[in-house]
1. Let me cross-check residue 91: its accessible surface, 1.4 Å probe, with only protein heavy atoms counted, in Å² to the nearest 10?
2. Roughly to the nearest percent, how much of the accessible area of segment 43-296 is carbon and sulfur, given a 1.4 Å probe?
3. What accessible area per residue comes out for segment 77-197, rounded to a whole number of Å², with a 1.4 Å probe?
4. Run the helix sum for the chain: -39,500 (n - 2.57) per DSSP H stretch of 4+ residues, divided by residue count, reported at 222 nm to the nearest 500 deg cm²/dmol.
5. Name the GluC sites (Glu not before Pro) in segment 224-297 that are in a loop by DSSP and that have at most 13 other C-beta atoms within 10 Å, would you?
6. For residue 214 and residue 247, FRET efficiency with R0 = 30 Å and r from the beta-carbon atoms, rounded to 0.05?
7. Cross-link list 133/162; 218/284; 240/295: which exceed 23 angstrom alpha carbon to alpha carbon?
8. How much accessible surface area, in Å² rounded to 10, belongs to the heavy atoms of residue 206 with a 1.4 Å probe?
Amino acid sequence: MSFEGQRPKAAFSRKSFLWGAAGFAFAAGLGKFLYRRKEENMDRLPVFFVGHGSPMNAIGENEFTRGWAESMKGLPDPDAVLCISAHWVTRGTRITAMESPKTIHDFYGFPQELFDVQYPAPGYPELAGSISKSASFQPIEQDYEWGLDHGTWSVLRHMIPKANIPVLQLSLDGTKPATWHYEFAKELSRLRQRRVLIVASGDLVHNLRLYDWRNEEKVPDWAQEANETFKSLILKRDAKALSDYENLGASARLAVPTPEHYVPMLYSLALASDDEEISFYNDKIQSSVSMTSIKFG
(Lines give C-alpha, C1' and ligand atoms only; values in the text may rest on other atoms or scores of the structure.)
Protein backbone atom coordinates (compact mmCIF):
# COMPACT_ATOMS: atom_id res chain seq x y z
CA MET A 1 0.00 0.00 0.00
CA SER A 2 1.04 3.59 -0.51
CA PHE A 3 0.50 6.07 2.30
CA GLU A 4 -1.08 9.51 2.37
CA GLY A 5 -0.95 11.74 5.40
CA GLN A 6 1.29 12.06 8.40
CA ARG A 7 2.64 9.47 10.78
CA PRO A 8 0.68 9.28 14.05
CA LYS A 9 2.18 11.49 16.75
CA ALA A 10 2.21 8.83 19.43
CA ALA A 11 1.58 5.12 19.98
CA PHE A 12 -1.95 4.21 20.88
CA SER A 13 -3.19 2.83 24.18
CA ARG A 14 -5.40 -0.29 24.13
CA LYS A 15 -7.58 0.64 27.08
CA SER A 16 -10.82 -1.23 27.51
CA PHE A 17 -14.06 0.64 26.93
CA LEU A 18 -17.52 0.06 28.29
CA TRP A 19 -19.78 -0.66 25.33
CA GLY A 20 -23.09 -0.80 27.19
CA ALA A 21 -25.82 1.52 26.02
CA ALA A 22 -25.41 4.03 28.84
CA GLY A 23 -21.61 3.93 28.72
CA PHE A 24 -21.61 4.44 25.00
CA ALA A 25 -24.01 7.37 25.23
CA PHE A 26 -22.10 9.25 27.92
CA ALA A 27 -18.56 8.45 26.73
CA ALA A 28 -19.13 8.71 23.01
CA GLY A 29 -21.82 11.34 22.89
CA LEU A 30 -24.21 9.35 20.74
CA GLY A 31 -27.26 9.98 22.88
CA LYS A 32 -29.27 11.13 19.87
CA PHE A 33 -28.86 7.66 18.43
CA LEU A 34 -29.35 5.70 21.66
CA TYR A 35 -32.47 7.55 22.78
CA ARG A 36 -34.20 7.40 19.42
CA ARG A 37 -37.91 6.80 19.69
CA LYS A 38 -38.70 3.11 19.86
CA GLU A 39 -40.47 3.06 16.50
CA GLU A 40 -37.38 4.55 14.83
CA ASN A 41 -35.03 2.00 16.40
CA MET A 42 -35.85 -0.47 13.65
CA ASP A 43 -33.91 -3.36 12.19
CA ARG A 44 -30.34 -2.51 11.38
CA LEU A 45 -29.45 -1.42 7.89
CA PRO A 46 -27.50 -3.85 5.70
CA VAL A 47 -23.78 -3.62 5.12
CA PHE A 48 -22.43 -3.37 1.58
CA PHE A 49 -19.24 -4.24 -0.18
CA VAL A 50 -19.23 -2.69 -3.65
CA GLY A 51 -16.87 -3.50 -6.48
CA HIS A 52 -16.46 0.03 -7.81
CA GLY A 53 -14.32 -0.62 -10.89
CA SER A 54 -13.60 2.31 -13.20
CA PRO A 55 -14.32 5.92 -12.17
CA MET A 56 -16.28 6.18 -15.43
CA ASN A 57 -19.10 4.30 -13.72
CA ALA A 58 -19.84 7.58 -11.96
CA ILE A 59 -21.15 9.21 -15.12
CA GLY A 60 -22.53 6.28 -17.07
CA GLU A 61 -25.61 4.13 -16.80
CA ASN A 62 -24.89 0.44 -17.10
CA GLU A 63 -25.63 -2.88 -15.44
CA PHE A 64 -23.37 -1.99 -12.50
CA THR A 65 -24.81 1.43 -11.77
CA ARG A 66 -28.31 -0.02 -12.01
CA GLY A 67 -27.28 -2.73 -9.56
CA TRP A 68 -26.05 -0.14 -7.04
CA ALA A 69 -29.29 1.82 -7.35
CA GLU A 70 -31.42 -1.32 -7.06
CA SER A 71 -29.58 -2.41 -3.89
CA MET A 72 -31.04 0.58 -2.01
CA LYS A 73 -34.67 0.02 -2.95
CA GLY A 74 -36.94 -0.62 0.00
CA LEU A 75 -34.42 0.61 2.56
CA PRO A 76 -35.19 3.51 4.91
CA ASP A 77 -33.03 6.59 4.56
CA PRO A 78 -29.97 6.27 6.79
CA ASP A 79 -29.00 9.03 9.20
CA ALA A 80 -25.46 8.86 7.86
CA VAL A 81 -23.21 6.83 5.58
CA LEU A 82 -19.77 5.57 6.58
CA CYS A 83 -17.56 4.54 3.65
CA ILE A 84 -14.36 2.54 3.77
CA SER A 85 -12.67 3.21 0.43
CA ALA A 86 -9.68 1.48 -1.14
CA HIS A 87 -8.40 4.90 -2.17
CA TRP A 88 -7.61 6.37 1.24
CA VAL A 89 -4.63 4.57 2.78
CA THR A 90 -2.86 6.19 5.71
CA ARG A 91 -0.55 5.48 8.62
CA GLY A 92 -2.96 5.06 11.48
CA THR A 93 -6.72 5.40 11.05
CA ARG A 94 -8.56 8.61 10.21
CA ILE A 95 -12.13 9.70 9.77
CA THR A 96 -13.37 12.74 7.85
CA ALA A 97 -14.72 15.29 10.30
CA MET A 98 -15.46 18.40 8.23
CA GLU A 99 -18.85 20.00 7.68
CA SER A 100 -18.63 19.81 3.87
CA PRO A 101 -16.25 17.17 2.50
CA LYS A 102 -14.82 18.02 -0.90
CA THR A 103 -15.20 15.77 -3.94
CA ILE A 104 -11.74 14.38 -4.72
CA HIS A 105 -10.91 13.53 -8.33
CA ASP A 106 -8.08 11.13 -7.55
CA PHE A 107 -7.36 9.89 -11.08
CA TYR A 108 -6.03 11.14 -14.40
CA GLY A 109 -6.48 10.52 -18.10
CA PHE A 110 -10.29 10.63 -18.02
CA PRO A 111 -12.66 13.03 -19.83
CA GLN A 112 -13.37 16.46 -18.35
CA GLU A 113 -16.98 15.42 -17.75
CA LEU A 114 -15.78 13.13 -14.97
CA PHE A 115 -13.66 15.85 -13.35
CA ASP A 116 -16.69 18.14 -13.40
CA VAL A 117 -18.70 15.78 -11.18
CA GLN A 118 -19.37 16.98 -7.65
CA TYR A 119 -21.00 14.95 -4.89
CA PRO A 120 -21.97 17.64 -2.36
CA ALA A 121 -23.08 15.43 0.51
CA PRO A 122 -22.68 17.08 3.92
CA GLY A 123 -20.30 15.77 6.53
CA TYR A 124 -21.20 14.88 10.10
CA PRO A 125 -18.58 16.31 12.50
CA GLU A 126 -20.55 15.31 15.60
CA LEU A 127 -20.68 11.66 14.60
CA ALA A 128 -17.04 11.69 13.49
CA GLY A 129 -16.06 13.08 16.89
CA SER A 130 -18.11 10.48 18.71
CA ILE A 131 -16.55 7.62 16.73
CA SER A 132 -13.09 9.05 17.34
CA LYS A 133 -13.62 9.50 21.08
CA SER A 134 -15.08 6.04 21.57
CA ALA A 135 -12.31 4.18 19.70
CA SER A 136 -10.62 1.56 21.86
CA PHE A 137 -9.04 -0.92 19.44
CA GLN A 138 -6.98 1.81 17.78
CA PRO A 139 -7.13 5.61 17.91
CA ILE A 140 -9.15 7.17 15.10
CA GLU A 141 -7.87 10.64 14.23
CA GLN A 142 -10.32 13.25 13.01
CA ASP A 143 -9.29 14.49 9.56
CA TYR A 144 -10.15 17.87 8.04
CA GLU A 145 -8.15 17.65 4.79
CA TRP A 146 -9.27 14.59 2.81
CA GLY A 147 -12.89 14.46 1.63
CA LEU A 148 -14.70 11.89 -0.53
CA ASP A 149 -12.58 10.07 -3.10
CA HIS A 150 -13.92 8.27 -6.15
CA GLY A 151 -14.15 4.96 -4.30
CA THR A 152 -16.92 6.63 -2.34
CA TRP A 153 -18.68 9.17 -4.57
CA SER A 154 -18.66 7.20 -7.83
CA VAL A 155 -20.80 4.58 -6.06
CA LEU A 156 -22.91 6.80 -3.78
CA ARG A 157 -23.82 8.94 -6.78
CA HIS A 158 -26.01 5.99 -7.83
CA MET A 159 -26.96 4.61 -4.42
CA ILE A 160 -27.94 7.99 -2.96
CA PRO A 161 -28.18 10.29 -6.01
CA LYS A 162 -29.59 13.29 -4.14
CA ALA A 163 -26.42 13.55 -2.00
CA ASN A 164 -28.68 14.53 0.88
CA ILE A 165 -27.34 12.08 3.50
CA PRO A 166 -24.24 12.97 5.57
CA VAL A 167 -21.20 10.97 4.50
CA LEU A 168 -18.06 10.14 6.46
CA GLN A 169 -15.05 8.28 5.12
CA LEU A 170 -12.77 6.03 7.16
CA SER A 171 -9.20 5.42 6.05
CA LEU A 172 -7.33 2.11 5.82
CA ASP A 173 -4.27 1.83 8.03
CA GLY A 174 -1.69 0.62 5.53
CA THR A 175 0.71 -0.54 8.25
CA LYS A 176 -1.62 -3.30 9.41
CA PRO A 177 -2.23 -6.84 8.04
CA ALA A 178 -5.56 -8.12 6.78
CA THR A 179 -6.33 -9.99 10.02
CA TRP A 180 -5.99 -6.73 11.97
CA HIS A 181 -8.49 -4.96 9.70
CA TYR A 182 -11.06 -7.70 10.24
CA GLU A 183 -10.80 -7.40 14.02
CA PHE A 184 -10.73 -3.60 13.96
CA ALA A 185 -13.89 -3.47 11.83
CA LYS A 186 -15.91 -5.13 14.59
CA GLU A 187 -15.57 -1.96 16.65
CA LEU A 188 -17.85 -0.24 14.15
CA SER A 189 -20.70 -2.70 14.66
CA ARG A 190 -22.63 -0.45 17.06
CA LEU A 191 -23.19 2.02 14.24
CA ARG A 192 -25.39 -0.50 12.45
CA GLN A 193 -28.03 -0.18 15.15
CA ARG A 194 -28.12 3.58 14.74
CA ARG A 195 -29.16 3.97 11.12
CA VAL A 196 -25.62 4.38 9.83
CA LEU A 197 -25.23 2.70 6.45
CA ILE A 198 -21.75 1.18 6.09
CA VAL A 199 -20.41 0.84 2.56
CA ALA A 200 -17.01 -0.75 1.92
CA SER A 201 -15.68 -0.02 -1.55
CA GLY A 202 -12.96 -1.88 -3.45
CA ASP A 203 -12.67 -4.89 -5.78
CA LEU A 204 -12.25 -8.58 -4.92
CA VAL A 205 -10.01 -8.96 -7.96
CA HIS A 206 -7.94 -5.91 -8.85
CA ASN A 207 -4.85 -6.25 -11.02
CA LEU A 208 -4.55 -3.28 -13.38
CA ARG A 209 -1.11 -4.39 -14.55
CA LEU A 210 -2.73 -7.40 -16.25
CA TYR A 211 -5.85 -5.60 -17.47
CA ASP A 212 -6.64 -6.13 -21.16
CA TRP A 213 -7.71 -2.62 -22.19
CA ARG A 214 -8.52 -3.77 -25.73
CA ASN A 215 -10.85 -6.59 -24.67
CA GLU A 216 -12.20 -6.25 -21.15
CA GLU A 217 -14.74 -9.02 -21.80
CA LYS A 218 -11.89 -11.53 -21.96
CA VAL A 219 -11.53 -12.82 -18.40
CA PRO A 220 -8.40 -14.83 -17.56
CA ASP A 221 -8.92 -18.16 -15.80
CA TRP A 222 -7.01 -17.06 -12.72
CA ALA A 223 -9.31 -14.05 -12.22
CA GLN A 224 -12.44 -16.19 -12.47
CA GLU A 225 -10.96 -18.81 -10.15
CA ALA A 226 -9.96 -16.24 -7.53
CA ASN A 227 -13.34 -14.51 -7.61
CA GLU A 228 -15.17 -17.81 -7.12
CA THR A 229 -12.80 -18.82 -4.30
CA PHE A 230 -13.41 -15.55 -2.47
CA LYS A 231 -17.19 -15.80 -2.91
CA SER A 232 -17.25 -19.37 -1.61
CA LEU A 233 -15.28 -18.39 1.50
CA ILE A 234 -17.49 -15.34 2.06
CA LEU A 235 -20.58 -17.56 2.03
CA LYS A 236 -18.86 -19.78 4.60
CA ARG A 237 -17.90 -16.66 6.59
CA ASP A 238 -14.36 -18.03 6.71
CA ALA A 239 -12.62 -14.86 7.85
CA LYS A 240 -9.43 -16.72 8.70
CA ALA A 241 -8.92 -18.05 5.17
CA LEU A 242 -9.97 -14.77 3.57
CA SER A 243 -7.55 -12.81 5.75
CA ASP A 244 -4.79 -15.22 4.80
CA TYR A 245 -5.50 -14.72 1.09
CA GLU A 246 -1.84 -15.02 0.08
CA ASN A 247 -2.06 -18.72 0.92
CA LEU A 248 -5.12 -19.34 -1.24
CA GLY A 249 -3.03 -20.14 -4.28
CA ALA A 250 -1.49 -18.44 -7.30
CA SER A 251 -4.80 -17.13 -8.62
CA ALA A 252 -5.53 -15.28 -5.36
CA ARG A 253 -2.05 -13.77 -5.34
CA LEU A 254 -2.59 -12.48 -8.88
CA ALA A 255 -6.01 -11.15 -7.90
CA VAL A 256 -4.65 -9.24 -4.90
CA PRO A 257 -1.19 -7.91 -5.84
CA THR A 258 -1.73 -5.13 -3.27
CA PRO A 259 -4.31 -5.34 -0.47
CA GLU A 260 -6.07 -1.96 -0.51
CA HIS A 261 -8.92 -2.98 -2.87
CA TYR A 262 -9.44 -6.35 -1.17
CA VAL A 263 -9.31 -5.35 2.52
CA PRO A 264 -12.59 -3.32 2.49
CA MET A 265 -14.43 -6.60 1.91
CA LEU A 266 -13.12 -7.81 5.28
CA TYR A 267 -14.77 -4.81 6.94
CA SER A 268 -18.17 -5.71 5.55
CA LEU A 269 -17.72 -9.37 6.47
CA ALA A 270 -16.70 -8.47 10.03
CA LEU A 271 -19.79 -6.29 10.44
CA ALA A 272 -22.24 -8.95 9.25
CA SER A 273 -23.99 -11.17 11.77
CA ASP A 274 -24.10 -14.94 11.31
CA ASP A 275 -27.86 -14.87 10.82
CA GLU A 276 -27.83 -12.33 8.00
CA GLU A 277 -28.36 -13.28 4.40
CA ILE A 278 -25.45 -12.81 2.01
CA SER A 279 -26.35 -11.89 -1.55
CA PHE A 280 -24.09 -11.15 -4.51
CA TYR A 281 -24.95 -8.75 -7.31
CA ASN A 282 -23.05 -7.08 -10.17
CA ASP A 283 -21.26 -10.41 -10.20
CA LYS A 284 -19.10 -9.91 -13.25
CA ILE A 285 -15.41 -9.56 -14.02
CA GLN A 286 -14.03 -7.05 -16.50
CA SER A 287 -10.69 -8.47 -17.60
CA SER A 288 -8.74 -8.50 -14.30
CA VAL A 289 -11.08 -6.36 -12.17
CA SER A 290 -14.08 -7.87 -10.38
CA MET A 291 -17.26 -5.82 -10.11
CA THR A 292 -18.78 -8.35 -7.70
CA SER A 293 -20.72 -6.58 -4.97
CA ILE A 294 -22.18 -7.98 -1.77
CA LYS A 295 -25.13 -7.13 0.43
CA PHE A 296 -25.11 -8.47 3.98
CA GLY A 297 -28.56 -8.40 5.54
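The values are calculated or read from the model by the stated rules, or taken from the named source; none is laboratory data. Note that the structure is a prediction, hence the values are computed from the model and not measured. When we count neighbours, we look across all protein chains shown, and the Cβ atoms used for this are built from the backbone with ideal geometry, even at glycine. Surface accessibility is based on the protein's heavy atoms, side chains included, excluding ligands, DNA and RNA. Shrake-Rupley method; radii C 1.70, N 1.55, O 1.52, S 1.80 Å.
1. Taking all protein chains as shown, residue 91 has close to 70 Å².
2. Numbers: 4790 of 10130 Å².
The value for segment 43-296 is 47 percent carbon and sulfur by accessible area.
3. Per residue, segment 77-197 has an accessible area of 37 Å².
4. Details: 11 runs with 87 residues, N = 297.
Helix contribution divided over all residues of the chain: -8000 deg cm²/dmol.
5. Numbers: sites: 225, 228, 246, 260, 276, 277; in loops: 276, 277.
Within segment 224-297, the qualifying GluC sites (Glu not before Pro) (loop, at most 13 other Cβ atoms within 10 Å) are 277.
6. Details: r = 33 Å, r/R0 = 1.11.
Rounded to the nearest 0.05, the efficiency is 0.35.
7. On the way: 133/162 30 Å; 218/284 11 Å; 240/295 20 Å.
Distance filter (> 23 Å) returns 133/162.
8. Approximately 30 Å² for this residue.
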